[in-house]
1. Please work out whether the stretch 77-161 counts as rounded, prolate or oblate from its C-alpha gyration tensor, where a ≥ b ≥ c are the square roots of the eigenvalues and a/c under 1.5 means rounded, while otherwise a/b larger than b/c means prolate and anything else oblate?
2. Most exposed first by the Cβ proxy, i.e. fewest other Cβ within 10 Å, how do 240, 221, 122 rank?
3. Fully extended, how many nm does the chain gain between residue 173 and residue 68 (0.36 nm per residue separation, minus their Cα-Cα distance)?
4. Is the shape of the stretch 143-294 best called rounded, prolate or oblate, per the rule: a/c under 1.5 gives rounded, else a/b larger than b/c gives prolate, else oblate, with a ≥ b ≥ c the square roots of the Cα gyration tensor eigenvalues?
5. By per-residue mean of other Cβ atoms within 10 Å, what is the highest-first order of 211-217, 152-158?
6. Please state the relative contact order of the stretch 249-294 as a whole percent: Cα pairs under 8 Å, 6+ residues apart?
Amino acid sequence: MLRFLFIPAGNVEGITMPKKFLLLPPSLLPFLLLVTLSGSAAALPEHSPVPGGVALLDLGRADQPQPMAKWGAQPLAVLPEKGRWVALLGIPLETPAAELEVTVQHGTLFSKKTVSVQIKHYPEQRLTIKDKRKVEPDPDDLARIARERTITEAVKRRFGDAQPDTDFDLPAAGPLSSRFGLRRIFNGLPRNPHAGLDIAAGTGTPVTAPAAGVVSNTGDYFFNGKTVFIDHGQGLISAYMHLSRIDVADGQPVNKGQIIGAIGATGRATGAHLHWAVILNNTPVDPQLFLARR
Ligand SMILES: [Zn+2]
């Protein structure tokens, strides 16, 4: 959070450490913070109005009270960026090229904003899973999957008040392997598309929080294996799957860079890797959009 607050506009490095502010007269601090907050890029995700992408919607000047935005019943994150309020709309992977309508509320005034979703074709990926039950679950497995889905759906729908830090770091060291959106065929059977980004690294490689947040759920799930969810605020939620080890507990606040667990191959996995999911307005979106400025 501190880094987010203290990085000045235009990515000018130099005043990145809070310590340096201690050398300045205390009377200057509020002024500098104000300049930083109103003038800085909040490092929002890249605007990408495609299925699985994030659309950024300009909602007017940030010196006006913060507006609210909703897509259907689902509230959207609204953040200040370069003196403007900006709403973030996560677009579901299954959305066809279409116009999506967002309701905006400024005080008692309601208006509509439309987003034109563009076509994007994601490549196909064929995988072989040795454990057949992970592709064709038996009745007991299906009951377990349904129970677990109820839990994780509630975790993904949450909308907390905290203003999220959208300036993400990669949560593990390693090459990016399977990208977001791949159309997946497991053992010859079409299954859900790849709703996350995979980072390939060995079992035991530390996994760190990409930004500050609160651990909103931990569990050991049929498909996802050992999993941690972090709630960053305003419907921005990240998840870490197939872990070999979980180092945090439900309800625990985490800082950017804090170790939350280790890479593994639990659940439905062809080998050790991290499956990293980023969710906005209850919709998985491409995590790379949150790293795009690097
Ligand atoms: Zn994955």
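1. It is prolate, given that a/c is not under 1.5 and a/b is the larger ratio.
2. Ascending number of Cβ neighbours within 10 Å: 122, 221, 240.
3. Here the answer is 34.1 nm.
4. Numbers: a/c = 1.32, a/b = 1.20, b/c = 1.10.
Rounded, because the longest to shortest axis ratio a/c is under 1.5.
5. On the way: 211-217: 21.6, 152-158: 15.3.
The most tightly packed comes first, giving 211-217, 152-158.
6. 18
Bear in mind that the values in this text are calculations on the coordinates, not laboratory data. Since we're looking at a predicted model, the values are computed, not measured. Cβ sites come from the backbone with ideal geometry, for glycine too, and all protein chains shown count toward neighbours.
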